[in-house]
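Shown next, in structure tokens, is the structure this report addresses.
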Amino acid sequence: MKHSEIVAQAHPNIALIKYWGKRDARLNLPAVGSLSITLSQLETCTRIARHAAAPDDCVYIDELLLDGAPAETELRTRLQTLANQMWRNNGPPPVLAIDTHNNFPTAAGLASSASGYAALVTGLDSILDCHYDDSELSTFARIGSGSAARSLYGGFVLMDKGLQEDGSDAIARPLLGADEWPLDVVIAVTSTTSKQTSSTDGMERTRATSPFFPAWCAGQETDLAAASSAVRARDFDQLADLSEYSCLKMHGLMMAAQPGLLYWNAATLACLHEIRALRNRGVGVFFTVDAGPQVKAICAPGEGDAVAAILGEIDGVITLHRAGLGEGARVVAAR
Ligand code: PMV
């Protein structure tokens, strides 16, 4: 059924076994698989309205608002290209107006591109009446951002690197539901300035210059298999060891690029030491850090309050965000 307006929601996700590096930059195909958790609380909400038929033979986005402000033309063109890739030619192509809001800071190391593209692709599928299957939606989300396909699902999610040249098998799939192991997440924001090197540029530099890149790729399937088993067994200590290992290995790999990529600041490092100290005292918590200075503390169920109290006291921690594990992307209203 054709809708005139829909609202889609999605949450950001955090990788525990990290993705870094592309095997095909043009198709945005990952060089390694990854394992993530989808968060609750932090949320992208995207409203898409469908107007009259477009003047040309393709879908046209005449308005794109990000947190209430008009988006740059370059982004509008990118999203329009994605909408046309999804368009199935089922009737006259529409004009779309898109209004998207995050209830958390955008482009601040909190994975807003993952929730943003997951909500967008889910919303476009509905408003364009496409009915793509899960793997096709994964492909469209991945074109937007490598980690976005993981936000299509809730809880614990696996993303396959895939072997096909066209990327048809580089897809996300659910591993364990959010309510099956309700971990707590505390995010320590240690900087509000945007990062100097984007993930795309950083990945390409790492692939081209880091001597550790082949070893990183070679070890990933072993890490993924072990972490998947730890998740299935709800083995927190095992998942903690593997996640910190993957995080530090990724940052070591980046630091060894030329010039080296250093995304941490002093407060990032202080948080990592504090989380290690907490864990040594028996608190169920471990860290992970993406391509930015924010620290994500993953806590065993019920440990979030104690961890937040300690991280909030660290010099240089500007704000904390709290989350649990959340649902996958979905359409929440349609008319
Ligand atoms: O989704 P991208 O292209 O911004 O890459 C995400 C990379 C990391 O956040 C560092 C790791 C990951 O797997 O999410």
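Could you list, in sequence order, the residues of segment 101-131 that are in contact (Cβ under 8 Å) with a residue 12 or more places away in the chain, at positive phi and open to solvent by 50 Å² or more (accessible area, probe 1.4 Å)? Before you say what the answer is, go through the steps one by one.
Here is the first cut: in segment 101-131, the ones in contact (Cβ under 8 Å) with a residue 12 or more places away in the chain are 101-130.
Next cut, at positive phi only: 107, 109, 111, 129.
Hit for segment 101-131 is 107, nothing else.
Regarding residue 117, is this residue under 15 Å from residue 330 (Cα atoms) and not in a helix (DSSP H, G or I)? Before you say what the answer is, go through the steps one by one.
Numbers: under 15 Å from residue 330 (Cα atoms): yes; not in a helix (DSSP H, G or I): no.
Spelling it out, it is not the case that residue 117 is under 15 Å from residue 330 (Cα atoms) and not in a helix (DSSP H, G or I).
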query = If residue 297 satisfies every condition in (1) over 19 Å from the mean Cα position of the chain (by Cα); (2) more than 13 Å from the ligand (Cβ to nearest atom) but one, which is the exception?
reply = (1)
request  = Can you give me the number of residues within segment 141-156 that are within 14 Å of the ligand (Cβ to nearest atom) and over 12 Å from the mean Cα position of the chain (by Cα)?
outcome  = 2
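When only residues in segment 79-100 that are surrounded by fewer than 15 Cβ atoms within 10 Å (Cβ to Cβ) and at pLDDT 95 or above count, which is farthest from residue 3 (Cα to Cα)? Break it down into steps so the answer makes sense when it comes.
In the first step, residues of segment 79-100 are kept if they are surrounded by fewer than 15 Cβ atoms within 10 Å (Cβ to Cβ); the result is 81, 85, 88-92.
Filter once more, so that each one left must be at pLDDT 95 or above: 81, 85.
Working: 81: 21, 85: 19 Å.
Of everything passing the filter in segment 79-100, 81 is farthest from residue 3 (Cα to Cα).
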inquiry  = Scan segment 54-63 and tell me whether some residue there is among the small types (Gly, Ala, Ser), open to solvent by less than 50 Å² (accessible area, probe 1.4 Å) and within 14 Å of the ligand (Cβ to nearest atom).
reply    = no
ask   = Considering only segment 157-203, how many residues are assigned by TED's automatic domain parsing to the domain that holds residue 314, out of contact with any Lys or Arg (no Cβ under 7 Å at 6 or more places or on another chain) and within 15 Å of the ligand (Cβ to nearest atom)?
value = 9
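Residues 212, 236: which one is touching a Gly at 6+ places or on another chain (Cβ under 7 Å), farther than 24 Å from residue 38 by Cβ and open to solvent by 20 Å² or more (accessible area, probe 1.4 Å)?
Testing whether each residue is touching a Gly at 6+ places or on another chain (Cβ under 7 Å), farther than 24 Å from residue 38 by Cβ and open to solvent by 20 Å² or more (accessible area, probe 1.4 Å) leaves just 212.
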request  = Determine whether residue 25 is in contact (Cβ under 8 Å) with a residue 12 or more places away in the chain, within 11 Å of the ligand (Cβ to nearest atom), over 27 Å from residue 182 (Cα atoms) and surrounded by fewer than 20 Cβ atoms within 10 Å (Cβ to Cβ).
outcome  = yes
query = Do we find that residue 8 is surrounded by 14 or more Cβ atoms within 10 Å (Cβ to Cβ) and of a type outside the set (Lys, Arg) in this structure?
reply = yes
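Hey, any hits in segment 159-176 for a residue that's in a helix (DSSP H, G or I) and under 30 Å from residue 233 (Cα atoms)? Steps first, answer last, please.
Just the residues of segment 159-176 that are in a helix (DSSP H, G or I), to begin with: none.
Within segment 159-176, not a single residue is in a helix (DSSP H, G or I) and under 30 Å from residue 233 (Cα atoms).
The values are calculated or read from the model by the stated rules, or taken from the named source; none is laboratory data. Please read these numbers as outputs of a predicted model, since none were measured by experiment. With ideal geometry, Cβ positions are generated from the backbone for all residues, glycine too; neighbour counts draw on all protein chains shown. These accessible areas exclude ligands, DNA and RNA; they are computed on the full protein's heavy atoms, side chains included. Shrake-Rupley method; radii C 1.70, N 1.55, O 1.52, S 1.80 Å.
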